[in-house]
Amino acid sequence: WRLAADQAAEAHHRIELSALRGVTCRDRQLERTWYFDDGDGIVAVVRGNCRLARRMVDRLSSERGILILNDVVLNQVLVRFTDDETTSRVIAAVQAEGTCWAGGAVWQNKRAMRISVSNWSTTEADIDRSADAIVNCFRAS
């Protein structure tokens, strides 16, 4: 199956290229490199962030009391901890602890933590450290 990110990037690429009437060959080459350089460029960044978001899910979902609310198809993870109060406490603790930053959200009338993996430099080790910090904050709540 193809990632939704691939489809979005291809659609964006078609729109961008159709708007590039009269640009130089170098501009078009840059455009192709940015979106479709077989593993380099923005597509690789998006794919990597999606993979790392799924890694975060794998790490968090193994902890009893942590519920993943969404199907992770892009770079977003919605997490709930036991109840609204616990979820709010964990969000505040994670933000204060400082290993990573995750914001709060309301999804289907329930409090949730929203995690976005969105930096090209984020590594598996960063995700592992962040997941450990989130779990530790949950355990301490």
For the stretch 43-141, the dipole about the Cα centre with charges only on Cβ (Lys and Arg +1, Asp and Glu -1), to the nearest 20 debye, works out at 180
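As a test of reading the structure, rank D58, D71, D128 by solvent-accessible area (1.4 Å probe, protein chains only), most first.
Descending order: D71, D58, D128.
Leaving ligands, DNA and RNA out of it, rank C100, C50 by accessible area with a 1.4 Å probe, largest first.
C100, C50
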Karplus-derived 3J(HN,Hα) from phi for the stretch 56-73 (6.51 cos²θ - 1.76 cosθ + 1.60, θ = phi - 60°), whole Hz, x at Gly and Pro, runs 4, 4, 4, 5, 6, 5, 7, 8, 4, x, 9, 10, 8, 8, 10, 7, 8, 10
Heavy-atom accessible area of T87, protein chains in place, probe 1.4 angstrom, given in Å² to nearest 10, is 0
W107 and S61 label points (each 7 Å along its Cα→Cβ direction) are spaced in nm at 1.2
Taking r as the C-beta separation of A125 and E85 and R0 as 22 Å, the FRET efficiency to the nearest 0.05 is 0.10
Calc'd 3J(HN,Hα), the stretch 129-141, phi into Karplus 6.51 cos²θ - 1.76 cosθ + 1.60 (θ = phi - 60°), Hz, glycine/Pro = x, comes to 4, 5, 4, 4, 5, 5, 4, 4, 5, 4, 4, 7, 6
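The values are calculated or read from the model by the stated rules, or taken from the named source; none is laboratory data. Please read these numbers as outputs of a predicted model, since none were measured by experiment. Glycine also receives a Cβ, built like all others from the backbone with ideal geometry; neighbour counts cover every protein chain displayed. To get the accessible areas, we keep the full protein, side chains included, count just its heavy atoms, and leave off ligands, DNA and RNA. Shrake-Rupley method; radii C 1.70, N 1.55, O 1.52, S 1.80 Å.
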